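Let me begin by presenting the structure, written as structure tokens, before commenting on it.
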Amino acid sequence: APGRIDAGLGRANGSPASDRALGTDRRVENPDEDHEERIRAVVNHLYDTFPEEHPYADLSVPGSGAEPPVPWVLGSSPSSAAIAGALGARFCFAAFIRPGLAERAFETYREQFEPTEIGDGPEVPYGMVAVNAVAAETDAAAARRRAPAEATFKRMQRGVVGAIPSIAELGGTPEPTPATLDPGEWPRAISGSPETVSGLLEQLADRVGADEVMIQHAVPDHGDALDSHALLAEAVGLERRETAGVEPEDVEPEGVESESV
């Protein structure tokens, strides 16, 4: 995303090893108790906006001289959405984690939204939905690319976290994602041809009124991942480019960000 740097601020640290290293505990009784204050502190550091009497007011974060990154609150629940609203920040919902809460989370975000001057916040609610999505030339081929994501979800249900699994572990290729989703249906991962994926992303974004879509994926092969991104660019109406020897940022469509696993 040339010329754009976002600061995504969420509660999860990643692996249990990260929790141990940072001395955090995910199973605390009130996980949101100080989450808002921690986000506010990071934004104050980035924008040098601590009150003069604050103990951190004399500290500065080294930077390049360019504008500071735009802060987003990341979350997968209505409680994170409420924090984003209270802070007047942009909100990104991780629909690839808990898709069933997406609509309620965005409703909460808009209900709680209060404009703020901290961190160059928007004047009105501004949201992004992160979707696990892959594309291929046909719906069937795309479903095969989606298989590792499905297998990863099954591993996580068993409490196993690690390398991306193979299709064999899933027991076969999953069914293609239908071009039209039923009301309330929100898969953890979607796939399809450019035409199918374009329609699916539009359906999901419209449900929550998202201004932007971020693409997350679990494609083990780097070449396949680049091809998927190029097809996704085509799906949202941007020119497709050959991916051989092309860096990922050169095939990202504007308004659709990507995050590889």
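For a protection proxy built on the mean count of beta-carbon atoms within 10 angstrom, sort 41-50, 75-84, 103-112 highest first, please.
Working: 41-50: 16.3, 75-84: 23.8, 103-112: 18.8.
Answer by packing, highest mean first, reads 75-84, 103-112, 41-50.
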At 0.36 nm per residue, and after removing the present C-alpha to C-alpha distance, how many nm does the segment from F153 to D120 gain when stretched out fully?
8.3 nm
Nearest-0.05 FRET efficiency for I5 and D48, computed from C-beta distance (R0 22 Å)
0.85
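Over the range 43-185, what is the relative contact order in percent, taking alpha-carbon pairs closer than 8 angstrom and at least six residues apart? Intermediate values should be presented prior to the final figure.
Values: 209 pairs, mean separation 25.2, N = 143.
Here the relative contact order equals 18 percent.
Peptides 91-99, 116-124: what's the order by average Cβ count within 10 Å, highest mean first?
In descending order of packing, they fall as 91-99, 116-124.
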Pairwise label distance in nanometres, T180 with E195, each label 7 Å out on the Cα-Cβ vector:
1.5
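Computed from the coordinates by the stated procedures, all read-outs in this text should not be read as laboratory data. Because the structure is predicted, anything quoted here is derived from the model rather than measured. Methodologically, a virtual Cβ is constructed for each residue, glycine included, from the backbone with ideal geometry; neighbour enumeration extends over all protein chains shown.
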